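Here's the structure we're looking at; comments come further down.
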Amino acid sequence: MSVIMQLAFDGLTIGLIYVILAAGLVLILSVTEIFFVAYGQFYMWGAYITWYVVDRFQLNYFAGLAVAIVATLVFGLAGYLLIFMRMQRMENRFLITITGALGISLILAQAVLVVFGTQPKSIPGVFTGAFDVGGVHIEVKKLALIGMGILVTLALFWIYERTRVGRAMRAVALNADVAALYGINPRFVYLLTMGIGCALAGLAGGLLAPAYNLSSGMGNNVIASVLLMTMLGGMDSLLGAVVGGLIVGQILSFGQYYTGQMSVVYLFLFIGLVIYFRPNGLLGHRTDMGV
């Protein structure tokens with residue numbers, strides 16, 4: 001029983017980070033209809049910026065995390081203004097925006113090597129210590145990840161469901177032309193959504209930075225998992241992002257313990273079966289991405 005509880009705890013830790021990542025990507029996909037394959041690189045840059053601020057300037061970890069959030073927010077805003085705003089007006093915008101996102105991904109992937117080097121990085125000593133509860137070994141750093149993950153998720157839902165910004169996002173996601181008739185500026189909503197989505201990716205990277213080593217390939221490694229989560233939960237459902245992230249976290253935790261590397265294969269099979277019977281995902285409503 002203690003083994004099951006331990007695996008569930010570990011799965012919740014990584015699952016909540018996946019929830020933040022999936023939520024940011026779902027916002028971008030559902031509101032802007034940009035298939036943003038560069039998303040994983042913002043996660044990587046969030047982690048590296050947090051490390052750089054802590055290591056180079058000897059600042060508090062939370063200061064580094066704040067800088068990472070602001071930096072990835074600015075990157076996202078700049079990317080939309082300079083690249084995607086014009087592309088969204090073109091014919092075949094789906095394929096064109098994918099090309100733009102791939103270009104951003106390649107640039108950010110190479111830039112991190114130039115700026116931060118090729119050696120793995122880490123942020124030691126941020127959350128130290130561990131204790132046992134009922135046979136479950138609880139590391140403080142993982143407990144902190146769970147707490148911050150829950151707070152971020154609740155804040156995101158509050159913004160999306162209760163604020164004017166969130167209502168504008170939902171209106172534009174439903175029908176941008178009708179939203180414009182009610183005084184909502186779709187271009188501004190697209191810009192804001194891209195910034196918030198990229199900031200969430202940077203936040204997730206910064207949150208994981210004290211718990212895991214940083215590497216230049218972490219952005220490429222995570223994007224496939226995040227896309228699978230959004231497909232599982234639904235590409236237009238924020239609640240689906242939560243469900244998908246938590247399910248994937250648990251499958252990977254239990255799967256790696258009992259089946260090793262085959263856990264990834266079983267994850268693909270599980271998601272494939274769900275999509276076969278529910279093409280829109282568990283909680284999704286539509287799959288039209290503007291193709």
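Things to note:
- Correct option for Cα Rg over 2.2 N^0.38 Å [calculated from the coordinates] among (1) 0.92; (2) 0.99; (3) 1.50: (2)
- For the range 1-158, radius of gyration divided by Kirkwood radius, i.e. Rg to Rh on alpha-carbons: 1.03
- Amide hydrogen proximity for residue 214: with H placed 1.01 Å from N in the peptide plane, the residues at 5 or more positions away or on another chain lying under 5 Å are 121, 122.
- Mean separation of Cα contacts under 8 Å, 6 or more apart, over the residue count of the range 23-107: relative contact order %: 36
- Each Cα pair under 8 Å and six or more residues apart adds its separation to the average, and for the range 69-163 the resulting relative contact order is 12 percent.
- Calculated FRET value between residue 89 and residue 159, using beta carbons and R₀ = 45 Å, to 0.05: 0.95
- Most to least packed among 82-89, 46-53 [average Cβ atoms within 10 Å]: 46-53, 82-89
- With R₀ set to 22 Å, the beta-carbon distance separating residue 239 from residue 70 gives a calculated FRET efficiency near 0.20.
- Taking other C-beta atoms within 10 Å as the exposure proxy, 33, 139, 91 rank 91, 139, 33 from fewest upward.
- Shape parameters for the range 87-160, alpha-carbon atoms, Rg then Dmax in Å: 20.5, 59
- Peptide packing for 103-111, 166-174 was compared via the average number of neighbouring C-beta atoms within 10 Å per residue; ordered from the highest value, the list is 166-174, 103-111.
- Cα gyration tensor category, rounded, prolate or oblate, for the range 179-233 with a/c compared to 1.5: prolate
- Fraction of the pair-distance distribution of the range 206-291 above 23 Å, Cα-Cα pairs, percent: 28
- Whole-Hz Karplus values for the range 156-169 come out as 5, 5, 4, 4, 5, 9, 10, 9, 5, 4, x, 5, 5, 4 Hz, taken residue by residue from phi with 6.51 cos²θ - 1.76 cosθ + 1.60 and θ = phi - 60°; glycine and proline positions read x.
- Here the relative contact order of the chain, from alpha carbon pairs under 8 Å that lie six or more residues apart, stands at 38 percent.
- Divided by 2.2 N^0.38 Å, where N counts the residues, the Cα radius of gyration of the range 141-214 comes to 1.38.
- Full-stretch length increase - residue 81, residue 131 - with 0.36 nm per residue and alpha-carbon distance subtracted: 13.2 nm
- Applying 1/(1 + (r/R0)^6) with R0 = 45 Å to the Cβ-Cβ distance of residue 276 and residue 62 gives a FRET efficiency near 0.55.
- The range 84-136 and the range 207-240: distance between their alpha carbon centers, rounded to Å: 9
- The chain: angle of helix 238-259 to the longest principal axis, Cα-based, in degrees nearest 10: 40
- Nearest-ten-degree value, helix 39-57 long axis tilted from longest Cα axis of the chain: 60
FYI, it's all coordinate maths here, none of it is from the lab. These numbers come from a predicted model, not from an experiment. Positions of Cβ are generated from backbone atoms using ideal geometry, with glycine treated the same way; all protein chains shown enter the neighbour counts.
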